[in-house]
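Okay, structure first, notes after.
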Amino acid sequence: MNLIDVQPVKFSFFEKPPASSMTQAFVYTNAENNFLVVKNGDRISRSDLRAGKYNKVYIVNMSTLNFHYEKEVPSQDRGRQFLVDLSIDYKVVDPISLIQQDAGEIVSYMKKKLPYWLEEITVDYPITEAKRVKRHIEDLHEHSSMVTGLKQVGVAIKDINVLVKQSEDDQEHDKKFRAIDQEDELELYRREKKLNKARVLAKSIQEAIESGDLLTALLIAEENQDALAIVKNRLQHEESFRLEVQDQVRKMLLDPTVNEAEVKQQLAKIRAYFPHEPLSGDMPDSHEQSMVDPYDETRNMYQTTKGE
């Protein structure tokens, strides 16, 4: 949009020259390039118009205008870019300078200068420093070669709003990393939950085995095939060990060279391995008296061998 419209001056004895306004100024000029500014609601008189021999009038837009600019600009990190969304409010404050510099197409000027000015800022910041880039750009009206250039043509920056974030490609790039991190977090959670469940299961099984309640241990282990296999293997191992010990004890009892002290020592070992088995020498309660001692036969064999 051009801020300047040029028209020839039309003098009339019957009509007054047009009045200016807060948003429109008139700049009158003559053949000697003398300028007269009329603004803020004022109007040039017919006598001044004739005396100044003004033959041309520039109509200047004095309203506050907005320029919007959005573009990706490079960061300090190779291949990574900021997306800058910039909104600038600007206004003509010196219409004569605007005319003399022929800067009516000020938007074209800003479009030309902004990419260079922004890149001078953004290349000094890594992609993670978007907030700092935003603050730097917001100082546009204080520190900028572009602003200096605007002042020289009679235009001032009144306000600036900036949004700086990673470019769309970089946002997608970070989303992929975040997705990987989230999956790792979920996997860690699943693993921890599985381990906690396994610990509870193992504790319940261990408590059942230690209490001699093997059936309960098997029922608990049925919830988990791996645990079930381990329990079965342990029970089979314990049964094989039990049979092996019993066989060794029988052989020892049939050996006339073994005395009763050694037999009791072996029975004590069996009691340590199988604490819930009733053994010779224990004092059974009323319930246990009804149970058959699995080592009665072994003990009888020993007594017979020894002639007792």
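The values are calculated or read from the model by the stated rules, or taken from the named source; none is laboratory data. In this text, all values refer to a predicted model and were calculated from it rather than measured experimentally. All Cβ positions, glycine included, derive from the backbone under ideal geometry; neighbour counts span all protein chains shown. All accessible areas refer to the heavy atoms of the entire protein, side chains included, with ligands and DNA or RNA removed. Shrake-Rupley method; radii C 1.70, N 1.55, O 1.52, S 1.80 Å.
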task = Hey, can you tell me all the residues within the range 1-38 that are part of a loop (DSSP other than H, G, I, E, B), in contact with a Leu (Cβ under 9 Å, 6 or more places away or on another chain) and in contact (Cβ under 8 Å) with a residue 60 or more places away in the chain?
result = Met1, Leu3
key: Number of the exception - Ala130 against (1) exposed (fewer than 14 other Cβ atoms within 10 Å of the Cβ); (2) within 20 Å of the chain's Cα centre (by Cα)   = (1)
Among residues of the range 40-50, those that are farther than 13 Å from Lys10 by Cα and open to solvent by 80 Å² or more (accessible area, probe 1.4 Å), counted = 4
task = Assess whether Asp124 counts as being open to solvent by 10 Å² or more (accessible area, probe 1.4 Å), of a type in the set (Asp, Glu) and closer than 30 Å to Val38 by Cα.
result = no
query = Looking at the range 66-79, is at least one residue more than 42 Å from the chain's Cα centre (by Cα) and not in a loop (DSSP other than H, G, I, E, B)?
reply = no
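Hey, can you tell me all the residues within the range 93-105 that are in contact with a helix residue (DSSP H, G or I) (Cβ under 9 Å, 6 or more places away or on another chain) and loosely packed, with under 15 Cβ neighbours inside 10 Å?
Applying the first criterion (in contact with a helix residue (DSSP H, G or I) (Cβ under 9 Å, 6 or more places away or on another chain)) to the range 93-105 yields 93-94, 97-98, 101, 103-104.
Listed by number, the list holds a single entry, Val93.
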message = Any residue in the range 112-141 that is over 18 Å from Phe67 (Cβ atoms) sitting within a Cβ distance under 8 Å of a residue that is charged (D, E, K, R)? List the pairs, counting only those 6 or more apart or interchain.
response = Tyr125/Arg132; Pro126/Asp77; Ile127/Asp77; Ile127/Arg80; Ile127/Asp170; Ala130/Lys165
task = Quick one: which residue in Tyr90, Tyr109 is at pLDDT below 95, buried (at least 16 other Cβ atoms within 10 Å of the Cβ) and part of a strand (DSSP E or B)?
result = Tyr90
Output for the range 207-252, where each listed residue is acidic (Asp, Glu), at pLDDT 70 or above and touching an Asp or Glu at 6+ places or on another chain (Cβ under 9 Å) = Glu207
query = Across the range 12-39, which residue is most open to solvent (accessible area, probe 1.4 Å) among those that are within 22 Å of Gln100 (Cα to Cα) and among the aliphatic types (A, V, I, L, M)?
reply = Met22
inquiry  = I'd like the full set of residues that are modelled with pLDDT of 90 or more and of a type in the set (Ser, Thr, Tyr), limited to the range 1-30.
reply    = Ser20, Ser21, Thr23, Tyr28, Thr29
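Among the listed residues Ile59, Ile106, which satisfies the condition of being in contact with a Phe, Trp or Tyr (Cβ under 9 Å, 6 or more places away or on another chain), more than 30 Å from Leu163 (Cα to Cα) and of a type in the set (A, V, I, L, M)?
None of the others qualify; the one that does is Ile59.
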message = If Ser144 meets every condition in (1) closer than 30 Å to Ile4 by Cα; (2) modelled with pLDDT under 80; (3) open to solvent by 40 Å² or more (accessible area, probe 1.4 Å) apart from one, which number is that one?
response = (3)
ask   = What number of residues within the range 53-82 are open to solvent by less than 20 Å² (accessible area, probe 1.4 Å) and under 28 Å from Lys151 (Cβ atoms)?
value = 6
